[in-house]
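**Student:** The structure is given below, and queries will be raised subsequently.
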Amino acid sequence: MNFTNPYIAKAYEQVITRNPNEPEFHQAVGEVFETIAPIIERNSIYEKNAILERIAEPERMITFRVTWVSDDNKINVNKGFRVQFNSAIGPYKGGLRLHPSVNASVLKFLGFEQIFKNSLTGLPMGGGKGGSDFDPKGKSDMEIMRFCQSFMSELFRHVGPNLDVPAGDIGTGAREIGYLFGQYKRLANEFTGVLTGKGLAYGGSLVRKEATGYGLCYFTEEMLKTLKNDSFANKKVAVSGSGNVAIYAIEKIYQLKGLPVTASDSDGFIYDPNGINLEILKKLKEVDRKRISDYEKMVKGSVYYPSMRPWAIPCDIALPCATQNELDIEDAKILVSNNVIAVAEGANMPCTPEATQYFQHNNVLFGPAKAANAGGVATSGLEMSQNSVRYSWSFEKVDEKLKAIMKGIFNNANDTAKAYGVEGDLVAGANMAGFIKVADAMIAQGVIY
Ligand code: NDP
């Protein structure tokens, strides 16, 4: 990290020493601190109020034991977490990740990013994140249910519709949200909008399932139109992942007349030069919960590669939608040499800082996660609004609001970058726009003397 401002350098140093062995958290904080320098330099109020030191320290972090019984009657123990990072502009809001790689560093990076992302949506939501090192892969439905019930048996006392509203993330889809919601309702003895991503029959919002992938494409389309007078039409698109974000990005790419040619999971990727068959992909992943390698057996002309990175396939647009740090500098060089024109992050922090800089230095349009994938949490915010008034909006109405929010996020990031002398740098623009609102709210709310 390269900090020229002494206050920022000192605040970052403190994050490193206070949070040892947390590389993902350091990376996320470093990227934000580096890019908001113009604001810190122009406004001494942020240093005076120790905003950087305060914003990088979670308000609360809960760690708990999750004990559950597997089908063979064995007792299993996992770690459960909830990071309640910042509530300056609204109740804590952010997903629950179920994956063996989950630890404090990963959840703090995600919770930190969530603060700025939620601020960018324009909706009143603070930042949080949670999850467990539980691996849902290969578990039976009953095992998933028992795990979710045990997880919520502790979490329920820390969340609530006006306090903290979790949602899905990697490994947490509609099935898991249903079990979590059922257990919350049993324990709290009330039917409230405590989780988002709920089923439509019990308080969910139309478009929530599609929102992150659709929102990613709305953002990318706006970025292409404004900065390059271009669009998705007739573009070859490389997508990674084959989960919630990837599937609905692929669906929207087709609607915008592009051609998605790849999809992946943690074992490998599929290349389909004729365009990914969406019906087969949905059945494979959403219904049968199989591996992406099975796609090759089902679709003639497709090829499976046992590597999780599809970035060597020539494309015009790349949408990384799997996980953090899945696209590094070597991948970025290959994409640039293949004349990629735009990269937008569907996953959280999928591009390493070196890869991001390489794209920016080579005039590739770059949509950072905080802005580009904010459609999911924005629609969660719309689900909270509908729950509050006990009403459901139509698909068209929610989709229209989502589109307007993504357009607004792009314009906010783009205009802020211009205003602070870094025109075209949407990473800096998004970070600064998200930061100002939260920092000003923190100052307005004071500190305890
Ligand atoms: P899913 O669990 O639905 O899908 C995740 C996909 O990424 C799967 O294909 C999975 O493969 C792959 N993947 C996960 N971990 C790894 C890994 N370590 N290496 C390679 N591939 C991996 O999750 P989502 O689609 O919901 O989330 C994807 C990304 O988008 C995450 O970064 C998440 O934080 C972010 N995001 C999600 C939002 C949402 O609304 N769902 C909102 C905003 C951001 P496999 O099945 O083999 O694990």
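The values are calculated or read from the model by the stated rules, or taken from the named source; none is laboratory data. Predicted model, so just to flag it, every value in this text is computed and none were measured. Please note: Cβ atoms are built from the backbone with ideal geometry, for glycine as well, and neighbour counts cover all protein chains shown. With ligands, DNA and RNA removed, areas are computed over all heavy atoms of the protein, side chains included. Shrake-Rupley method; radii C 1.70, N 1.55, O 1.52, S 1.80 Å.
**Student:** Hey, does region 130-147 have a residue that's assigned to a strand (DSSP E or B) and either open to solvent by 10 Å² or more (accessible area, probe 1.4 Å) or over 30 Å from Gln445 (Cα atoms) (or both)?
**Tutor:** yes
Here is a yes/no grid of residues against (1) without any contact (Cβ under 8 Å) to a residue 24 or more places away in the chain; (2) within 14 Å of the ligand (Cβ to nearest atom); (3) surrounded by fewer than 23 Cβ atoms within 10 Å (Cβ to Cβ); (4) more than 19 Å from Asp331 (Cα to Cα):
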position	(1), (2), (3), (4)
Gly215	no, yes, no, yes
Glu221	no, no, no, yes
Val237	no, no, no, no
Val261	no, no, no, no
Ser302	no, no, yes, yes
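**Student:** Hey, could you check region 394-404 for residues that are open to solvent by less than 50 Å² (accessible area, probe 1.4 Å) and not acidic (Asp, Glu) and say which is nearest to Thr192 (Cα to Cα)?
**Tutor:** Val398
**Student:** For a quick check of your reading: which helices (runs of 4 or more DSSP H) sit entirely within region 347-388 and have at least 2 residues that are open to solvent by 10 Å² or more (accessible area, probe 1.4 Å)?
**Tutor:** 353-361, 375-388
**Student:** State yes or no: is Val165 within 16 Å of the chain's Cα centre (by Cα) and either away from the ligand (no atom under 16 Å from the Cβ) or more than 17 Å from Met384 (Cα to Cα) (or both)?
**Tutor:** no
**Student:** Continuing with the same structure: Being small (Gly, Ala, Ser) and within 16 Å of the ligand (Cβ to nearest atom) is the filter here; which residues of region 336-366 pass it? Reasoning before the result, please.
**Tutor:** So the first thing to find is which residues in region 336-366 are small (Gly, Ala, Ser), and the list is 337, 342, 344, 346-347, 355.
Result: Ala344, Gly346, Ala347, Ala355.
**Student:** Quick one: which of Tyr254, Tyr248 is within 11 Å of the ligand (Cβ to nearest atom), within 30 Å of Gly424 (Cβ to Cβ), under 23 Å from the mean Cα position of the chain (by Cα) and of a type outside the set (Asp, Glu)?
**Tutor:** None of the others qualify; the one that does is Tyr248.
**Student:** Scan region 106-123 and give yes if some residue there is among the small types (Gly, Ala, Ser), surrounded by fewer than 24 Cβ atoms within 10 Å (Cβ to Cβ) and over 30 Å from Gly429 (Cβ atoms), otherwise no.
**Tutor:** Here is the first cut: in region 106-123, the residues among the small types (Gly, Ala, Ser) are 111, 119, 122.
Imposing the further condition that a residue be surrounded by fewer than 24 Cβ atoms within 10 Å (Cβ to Cβ) reduces the set to 122.
Add one more test, that the residue is over 30 Å from Gly429 (Cβ atoms), and what stays is none.
No: zero hits.
**Student:** Looking at Thr323 and the list (1) open to solvent by 10 Å² or more (accessible area, probe 1.4 Å); (2) farther than 23 Å from Gly424 by Cβ; (3) assigned to a helix (DSSP H, G or I); (4) of a type outside the set (Asp, Glu), which single condition is not satisfied?
**Tutor:** (3)
**Student:** Is it the case that region 39-55 has a residue that's touching a Gly at 6+ places or on another chain (Cβ under 9 Å), of a type in the set (A, V, I, L, M, F, W, C) and in contact (Cβ under 8 Å) with a residue 40 or more places away in the chain?
**Tutor:** No, region 39-55 contains no residue that is touching a Gly at 6+ places or on another chain (Cβ under 9 Å), of a type in the set (A, V, I, L, M, F, W, C) and in contact (Cβ under 8 Å) with a residue 40 or more places away in the chain.
**Student:** Could you list all residues from region 314-334 that are in contact (Cβ under 8 Å) with a residue 40 or more places away in the chain, hydrophobic (A, V, I, L, M, F, W, C) and either away from the ligand (no atom under 16 Å from the Cβ) or more than 20 Å from Ile250 (Cα to Cα) (or both)?
**Tutor:** Hits for region 314-334 are Cys315, Ile317.
**Student:** Conditions: (1) among the polar types (S, T, N, Q); (2) open to solvent by 40 Å² or more (accessible area, probe 1.4 Å); (3) within 25 Å of Glu143 (Cα to Cα). Thr196 meets all but one. Number of the miss?
**Tutor:** Status for Thr196: all satisfied but (2).
**Student:** Moving on to the next point. Could you please let me know if Ile115 is farther than 26 Å from Ser392 by Cβ and either within 13 Å of the ligand (Cβ to nearest atom) or modelled with pLDDT under 95 (or both)?
**Tutor:** no
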